[in-house]
Structures are given as C-alpha cells and as structure tokens.
Amino acid sequence: MSSDPEAANPPSETDLEPADRTLVAGVLDREPRALAKTITLIESARDDHRRRAAKVLHALAPHAGASIRLGISGSPGAGKSTFIEALGLELLRRGRRVAVLAVDPSSPVSGGSILGDETRMERLSASADAFVRPSPSRGAAGGVADRTREAVTVCEAAGFDVVLVETVGSGQGETAVAGMVDLLVLIELPNAGDELQAIKRGIVEAADAVVVNKADLDPAAAERARRRFAGKPVAVVASAIKHQGIGEFWDELERLHRALGDSGGLAEKRRRQAVAWMWALIDLGLRDRFREHPAVRRELGPTTRAVAEGRESAAAAAIRLLDYVAADAD
C-alpha cells in the first residue's frame, strides 16, 4: 500500500498558495484583517479550503504556544460576556494582548452566529490590542465550534498573550473546551441552587477555577456560593459590571498557570490535547467522507427508514453502509 506523500512530508511554507502565504505573513505581522480571513478559511467546510487551512496552520504552528489559554463557561445569565470584557480590559491595562473566541448559538436559517459577541464587548473590541471573534457552533457538541482549537493556534501565532474561549453554555456536555485550554473557568451566580449544580456536575468537576459573579447583588449569598467551591484551586467572588475582584482573580489564576508550567504539567497537558485533537479531527473527517461516498449518499435515506421501521437492524445497516466505503479501500 502506498503512503500518503503529505503524511511522510508535512507541508512546508513553499507549498502554500500565494494568497495563503500572504495570510501567514499578515497573521505574523499581527494584521487584524489577515487574522480574521485566516479564521474564516479554517472554519470553512469546503474540502479545498480545509486542505489550504491545514497548510496555513502548519506554517503558523511554530509561532504558537506561548499564550495562556483559558476556557470560560457558565449558564446563560451568569454574565460570561460581561466578565470576559472586564477581564480583557484588566489585561489590556496590564499591557497584555487579548483574543476572545466567543462560540455563539447558530442561526437555523443562515448557520451564522446569532448573538455576535463583538457587539456585546464593544469596549474590548475597540482596542488595537484585542481581537473578538464570534463563531457559530453549527450544532457542534461540547459548547465549542469544530475549528475553535485551530483558531486558538492562529491567535497565538498573531502574538496574543491570552486567548479566552467562551462556550455556548454550561452543562454536562459543555466540557469539550477543557480539551483545548490550559485552565477552565466556570462563572456562577450567587443563588445557584443544588439542583442546578447536579445538572452541571460534569463541568463543575472539570473546572479549575470558579468565579461567583454578580456578587454586588447579594454579597452574603455570593460568599456562601464561593465556599461551596472552596476545594477548587481558585474560587473567588466578583462583580464584572462593577469591575470588582477582577484583578484579584487574574492574580490567582496567573499563579495557578505558572505553577502548572513549572511542574511540567502544562507541557504534558498540551501534548495530550494535541494528540486527542488529531484523533477528533480524524473522526470528523472520516464521518464527512463516509457521508460523501456516492453509494452511502444513495442508500442512507432508505436504510435509515428501514432501521426506523424495524425492517433492518441497526447493526446490519451500519455494517452494510460501511462495506461500501471499505470496498473502495481494498
């Protein structure tokens, strides 16, 4: 069996199309337009765009990896966007460059982002040292978009010191972001009840830090809520809208990130994440290729109806459809 020459010889910058070499140069020169166009390319579902994006990412990868990667999750109404803007402004004040990748629900009509965090973080977006990018989830599981991980790489190559990834919501299925960031931050409300905690147990367990936001509304309740998360490495109260507790939160989080790096845990975590992401992309690619196979496209509808009506078992149907693809590989 012949090997794939691209697998044996990873693409070099000379393999890039002229337009893509311009994109790479623009990202490295920290040009906002080049950064936005590159992320648009990697988010495209077109096969030719995916192949171009892979080469662009390969060229940018050596320039990435120096940022602090944070995931921000929380229930609707917890004030995630307000907290992110407050944190971003605090980081700008400290001389940091900040990128925000905000994953929004998708429009069922256009497939685009509904909320548009850029309009919800107007002060942060106005800074030349900040970049806010809303991306539609397009139904991807785990609260993040399919290409968020690659977008992090692009932002790092553009020289951003901190990359914040905001998820769609919070719950047991919103933990995929933990597989692409260094630390996961959960934004809570002062009066979140025990029944809500049960629903979100998965992400509470995955979180490295908890911020009880909107503490100004009920300081006593906020402190009680913070004590419930006292076992976390970082558990603080804050009021993003009043910019209270934001600097203290960042000081604690930065200490946690530094300790993780000094112990070697950060490098090991990122190695595991990179390999896991490779397999996730393989699974995604195989599913796409399976659905695009001519015989599968022809038979999938009738087979699905046969399984739904009990005329064929799910196991037999899966084997038969997979055999179409396997026959081409022989």
* To do: Express in nm, to one decimal, how much length is gained between residue 292 and residue 161 on full extension, taking 0.36 nm for each residue of separation and deducting their alpha carbon distance.
  => 43.2 nm
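Give the accessible surface of the stretch 47-102 per residue, rounded to a whole number of Å², with probe radius 1.4 Å and ligands, DNA and RNA excluded.
36 Å²
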* **Eligible lysines near residue 242 by straight Cα distance, threshold 21 Å, same-chain separation 8 or greater** => 80, 214
* Given a Förster distance of 41 angstrom, what is the FRET efficiency for residue 25 paired with residue 248, based on the Cβ-Cβ distance and rounded to 0.05? -> 0.55
* **Residue among 327, 280, 247 farthest towards the positive dipole end of the stretch 242-330, charges placed on Cβ** => 327
* Compute the signed sum of charges (Lys and Arg +1, Asp and Glu -1) over the other residues within less than 15 Å, Cβ to Cβ, of residue 161. => +2
* Gap separating the Cα centres of the stretch 242-290 and the stretch 55-95, nearest whole Å -> 11 Å
* Determine the per residue accessible area of the stretch 212-273 with all protein chains present and a 1.4 angstrom probe, expressed in square angstrom. => 54 Å²
* **Sites residue 216 and residue 325 - FRET efficiency at Förster radius 56 Å, r taken between beta-carbons, to 0.05** => 0.45
* To do: Under 1.5 on a/c is rounded, so check that first for the stretch 204-264, then, if it is not, pick prolate when a/b is larger than b/c and oblate when it is not; a ≥ b ≥ c are the square roots of the alpha carbon gyration tensor eigenvalues.
  => oblate
* Assign unit charges at the C-beta atoms only (+1 for Lys and Arg, -1 for Asp and Glu), then state the dipole size of the stretch 221-330 relative to its Cα centre in Debye, rounded to the nearest 20. => 480 debye
* Structure fact -> So the carbon and sulfur contribution to the accessible area of the stretch 175-330, 1.4 Å probe, in percent, is 57 percent
* Structure fact -> Counting only backbone N atoms under 14 Å from a point 7 Å out along Cα-to-Cβ of residue 276, the residues of the stretch 64-101 in range are 71
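The values are calculated or read from the model by the stated rules, or taken from the named source; none is laboratory data. Everything numeric in this text was worked out from a predicted model, so none of it was measured. Quick reminder, even Gly has a Cβ in these numbers, built from the backbone with ideal geometry, and neighbours come from all protein chains shown. All accessible areas refer to the heavy atoms of the entire protein, side chains included, with ligands and DNA or RNA removed. Shrake-Rupley method; radii C 1.70, N 1.55, O 1.52, S 1.80 Å.
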